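Accompanying notes for the structure given below.
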Amino acid sequence: MNRRGFLFTGLLGGAAILTGAALLRPADKGKPYTAYFEALNAELKRAGPMRPVLLVDLDRLDHNIDVVKASLQRSGKALRLVEKSLPARGLLEYIVRRTGTDKLMSFHQPFLNQTAEYFPEADILLGKPLPARSVEVFYQQHQGQADPTARIQWLIDAPERLQEYLQIAQARNSRFRINIELDVGLHRGGVADMNTLNALLGLIADNPEHLEFSGFMGYDPFVGMELPSVLGSPETLLGKVMTRYQGFVDFTKNHYPALWRDGLALNTAGSPSYRLHETETLSTELAVGSAMVMPTHFDLPSLSDHIPAAFIASPVLKSTGPVNIPALDGKSRIFSWWDVNQRASYFMYGGNWLADFVAPEGLQSNSLYGRSSNQELVTASPGVGLEVNDQVFLRPQQSEAVLLQFGDILAMRNGKIVDHWPVYQDGSRA
């Protein structure tokens, strides 16, 4: 095969892989989209805002929710939804209703304020230790008459941070629930030795009026990642994780039996690894977020039963023919001669997202022309056949940052827009 043929075949093959779902079939000859994306394109042209949008397919979301529920039923564990990966009230409410969970995980102070307001009955576990000042700001900005303290588990990683939290609790005359972050192998901080754990538990035990031990959190996404086999199988890695976790549990039971009780939140997992925890009996709850919508970074063997449920759609603004690089002008013809995938050029509305092209197949950015957040150049073969106002579809590479960039999320069912979900307001952008 000559080089042009190799490039063409390789690029098309890469686009096919990016779909990540058995439900996506190759497009019919002469048509730019599969039937699935053709229906979405028609609906967005009919009723969409004709700007970049983030859409969530409810039928696909239902499938992923049901996969998670089935796994939880097998493991006997509770579900804790990761709010940062699903940062829209309507999206979270939809999944909460379908799963029946009342447990959420929050990572960002402005989001925590919104979650505490939107979900007044939820138990909220922090997914990372916040600076003590962030806790003070949370209380200053809290909306609602009820004090949320009893519903929040603050995550603590070090004695120094716990001492700062204790001072806030004393000043407020409150009793903070304290969940301790464990380093079970990720090595991103958290308690890694018994001396540190002893200092934390001792401080909690010495201040029962203001501190309450609520459990442990041990995040282990690497267990479900595609790591080199020399590092161990997922099952081997999980065994090491849970051995470390068990050691912290045993220390607490043996040295601070008065702090141990039924109902503690023994949290672990994450979207890449939650399925593997069906085989262990120590943890009581599993954190899941991105697996519900399946950005491309979660196309993992451990999530092979999940399907993409979130897509970016951006309308084509201009169709300009073969690629034409600034300053090269006529000399640009060599690129379209060499690569059939540069014989059609489209400028779409916006661009440069953390996302991968998914439909039509064969689309690619042009590195020579450069990326653009205003009007990104997308090239393809003439056979793609896009027209102005047709939609370019992409899959987000991750969910928490990308889902916030498009305004209201469009909820779609059977190819039709059925709801608009405002996303969380990010205080760092205010």
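Regarding the stretch 246-254, can at least one residue be identified that is more than 22 Å from Ala70 (Cα to Cα) and either modelled with pLDDT under 95 or of a type in the set (Val, Ile, Thr) (or both)? Yes - at least one qualifying residue is present in the stretch 246-254.
Quick check: is even one residue across the stretch 311-325 modelled with pLDDT under 95, of a type in the set (S, T, N, Q), assigned to a helix (DSSP H, G or I) and open to solvent by 30 Å² or more (accessible area, probe 1.4 Å)? Break it down stepwise before answering.
Pass one, the stretch 311-325, residues modelled with pLDDT under 95: 318-325.
Retained after the next criterion (residues that are of a type in the set (S, T, N, Q)): 319-320, 324.
Still in the running and assigned to a helix (DSSP H, G or I): none.
No: the stretch 311-325 contains no residue that is modelled with pLDDT under 95, of a type in the set (S, T, N, Q), assigned to a helix (DSSP H, G or I) and open to solvent by 30 Å² or more (accessible area, probe 1.4 Å).
Does Gln153 satisfy the criteria of being open to solvent by 10 Å² or more (accessible area, probe 1.4 Å) and at negative phi?
Details: open to solvent by 10 Å² or more (accessible area, probe 1.4 Å): no; at negative phi: yes.
So Gln153 does not fit the description; no.
Can you name every residue in the stretch 361-371 that is small (Gly, Ala, Ser) and either modelled with pLDDT under 85 or open to solvent by 60 Å² or more (accessible area, probe 1.4 Å) (or both)?
Here is the first cut: in the stretch 361-371, the ones small (Gly, Ala, Ser) are 362, 365, 367, 370.
Ser365, Ser367, Gly370 - these are the residues of the stretch 361-371 that are small (Gly, Ala, Ser) and either modelled with pLDDT under 85 or open to solvent by 60 Å² or more (accessible area, probe 1.4 Å) (or both).
When every residue of the stretch 157-174 is checked against the conditions, at least one turns out to be of a type in the set (D, E, K, R) and either touching a Lys or Arg at 6+ places or on another chain (Cβ under 8 Å) or crowded, with 21+ Cβ neighbours inside 10 Å (or both). Contact annotation: no residue pair with Cβ atoms under 7 Å, 6 or more positions apart or on different chains, pairs a residue in the stretch 126-149 that is closer than 24 Å to Glu160 by Cα with a partner that is open to solvent by 90 Å² or more (accessible area, probe 1.4 Å) and among the hydroxyl-bearing types (Ser, Thr, Tyr). Inside the stretch 372-408, residues that are part of a loop (DSSP other than H, G, I, E, B) and open to solvent by 20 Å² or more (accessible area, probe 1.4 Å) make up a count of 14. Would you say Leu125 is within 22 Å of Arg172 (Cβ to Cβ) and part of a strand (DSSP E or B)? Judged against the criteria, Leu125 is a match. Among the residues of the stretch 161-192, those that are of a type in the set (D, E, K, R) and more than 30 Å from the chain's Cα centre (by Cα) comprise Glu164, Arg172, Arg175.
Within the group Leu91, Leu61, Leu23, Leu40, which residue is open to solvent by 50 Å² or more (accessible area, probe 1.4 Å) and either modelled with pLDDT under 95 or assigned to a helix (DSSP H, G or I) (or both)? If you could, list the steps in order and put the result at the bottom.
On the way: Leu91 fails: open to solvent by 50 Å² or more (accessible area, probe 1.4 Å); Leu61 fails: open to solvent by 50 Å² or more (accessible area, probe 1.4 Å); Leu40 fails: open to solvent by 50 Å² or more (accessible area, probe 1.4 Å).
Just a single option satisfies the conditions, and that option is Leu23.
Residue pairs whose Cβ atoms lie under 6 Å apart, sitting 6 or more positions apart in sequence or on different chains, and linking a residue in the stretch 374-401 that is farther than 30 Å from Tyr424 by Cβ to a partner that is open to solvent by 10 Å² or more (accessible area, probe 1.4 Å) and β-branched (Val, Ile, Thr), are Ser381/Val340.
Yes or no: Ala78 open to solvent by less than 60 Å² (accessible area, probe 1.4 Å), of a type in the set (A, V, I, L, M, F, W, C), more than 23 Å from the chain's Cα centre (by Cα) and modelled with pLDDT of 90 or more?
On the way: open to solvent by less than 60 Å² (accessible area, probe 1.4 Å): yes; of a type in the set (A, V, I, L, M, F, W, C): yes; more than 23 Å from the chain's Cα centre (by Cα): no; modelled with pLDDT of 90 or more: yes.
The answer is no for Ala78.
Quick grid of which residues meet (1) more than 21 Å from Trp154 (Cβ to Cβ); (2) more than 26 Å from the chain's Cα centre (by Cα); (3) hydroxyl-bearing (Ser, Thr, Tyr):
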{"position": "Asn207", "(1), (2), (3)": "no, yes, no"}
{"position": "Ser233", "(1), (2), (3)": "yes, no, yes"}
{"position": "Gln246", "(1), (2), (3)": "yes, yes, no"}
{"position": "Thr279", "(1), (2), (3)": "yes, no, yes"}
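Would you confirm, using the coordinates I've provided, whether Tyr219 is hydroxyl-bearing (Ser, Thr, Tyr) and within 30 Å of Leu303 (Cα to Cα)? For Tyr219, the condition - hydroxyl-bearing (Ser, Thr, Tyr) and within 30 Å of Leu303 (Cα to Cα) - is met.
Counting only residues that are within 23 Å of His277 (Cα to Cα), polar (S, T, N, Q) and in contact (Cβ under 8 Å) with a residue 12 or more places away in the chain, the stretch 69-116 holds 6 of them. Residue by residue through the stretch 261-280, note down the ones that are over 14 Å from Leu237 (Cβ atoms), open to solvent by 30 Å² or more (accessible area, probe 1.4 Å) and touching a residue at least 40 places away in the same chain (Cβ under 8 Å). The answer is Glu278, and nothing else.
Please go through the stretch 242-260 and pick out each residue that is within 14 Å of Val184 (Cα to Cα), hydroxyl-bearing (Ser, Thr, Tyr) and open to solvent by less than 40 Å² (accessible area, probe 1.4 Å).
So in the stretch 242-260, the residues within 14 Å of Val184 (Cα to Cα) come out as 242-249.
Then drop every residue that is not hydroxyl-bearing (Ser, Thr, Tyr), which leaves 243, 245.
Result: Tyr245, single match.
The values are calculated or read from the model by the stated rules, or taken from the named source; none is laboratory data. As the structure is a prediction and not an experimental result, all values here were calculated from the model. Neighbour counts are summed over all protein chains in view; Cβ atoms, including those assigned to glycine, are modelled from backbone coordinates with ideal geometry. The area values use the complete protein model at the heavy-atom level, side chains included, leaving out ligands, DNA and RNA. Shrake-Rupley method; radii C 1.70, N 1.55, O 1.52, S 1.80 Å.
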